[in-house]
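The values are calculated or read from the model by the stated rules, or taken from the named source; none is laboratory data. Please read all numbers here as calculations on a predicted model, not as lab measurements. Cβ atoms come from the backbone with ideal geometry, glycine included; neighbour counts cover every protein chain shown. What goes into the accessible areas is simple: the full protein's heavy atoms, side chains included, and nothing from ligands, DNA or RNA. Shrake-Rupley method; radii C 1.70, N 1.55, O 1.52, S 1.80 Å.
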Amino acid sequence: MSRSKVKAGDVVVVRRGANTGDTALIPPELDGAYVGYDLILHPDETKMLGVYFVKLMNTDHFRSHIYQIRERAAQQGLNAEQIGELVIPVPPLSKQEEFAGVVARVESLRGRMSEGERQVEGLFESLLAEAFNG
């Protein structure tokens with residue numbers, strides 16, 4: 001079980017199934033959680049930020065490459081060796097940090113947009129209720 005335990009900042013790569021190759025960063029609220037049969041990577045943040053790796057792996061280019069790798073396997077899926085063999089461009093850490101800042105701002109905007117959408121839906125439901133209930 002201890003091999004399946006993740007900590008905040010780890011990267012999880014789906015190993016098998018329809019979502020093979022999907023990659024995600026473990027957020028602080030899932031620190032100490034357990035994952036199933038996925039690959040767990042522990043990025044060396046002095047060389048490559050987890051957020052950079054995750055966003056790169058989820059680009060169309062890398063998704064296409066992962067799809068080709070898994071299709072050639074006897075049993076469709078990924079293993080740690082295949083991930084380790086990927087040629088990954090690694091910009092200077094300062095550029096990765098700048099990129100991570102942009103990602104954080106975009107995620108914050110998405111969160112605020114979702115909250116705004118939720119509030120608009122609530123207001124609309126209230127208006128409907130008032131219109132039809134007098």
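Below is a table of values for the structure above.
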read-out	value
Computed accessible area, residue 114, all protein chains, 1.4 angstrom probe, square angstrom	70
Surface accessible to a 1.4 Å probe, residue 37 within the full protein complex, Å²	140
Sequence of 132, 124, 99, 53 from largest to smallest accessible area, 1.4 Å probe	132, 124, 99, 53
Per residue, in Å², the accessible surface of region 1-118 once ligands and nucleic acids are set aside, probe 1.4 Å	66
Calculated [θ] (222 nm, deg cm²/dmol) that DSSP helices of n ≥ 4 give over the chain, each run adding -39,500 (n - 2.57)	-16500 deg cm²/dmol
Three-way shape label, region 34-79, alpha-carbon gyration tensor, a/c 1.5	oblate
Inter-probe distance in nm under a simple model that places probes 7 Å from Cα toward Cβ, at residue 29 and residue 95	3.4
Among (i) 111; (ii) 98; (iii) 167, the entry that matches volume of the Cα convex hull per residue in Å³ as calculated here	(iii)
Carbon + sulfur, % of accessible area of the chain - ligands and nucleic acids excluded, 1.4 Å	56
Rough spin-label spacing in nm, given labels placed 7 Å along Cα→Cβ, for residue 132 and residue 5	5.1
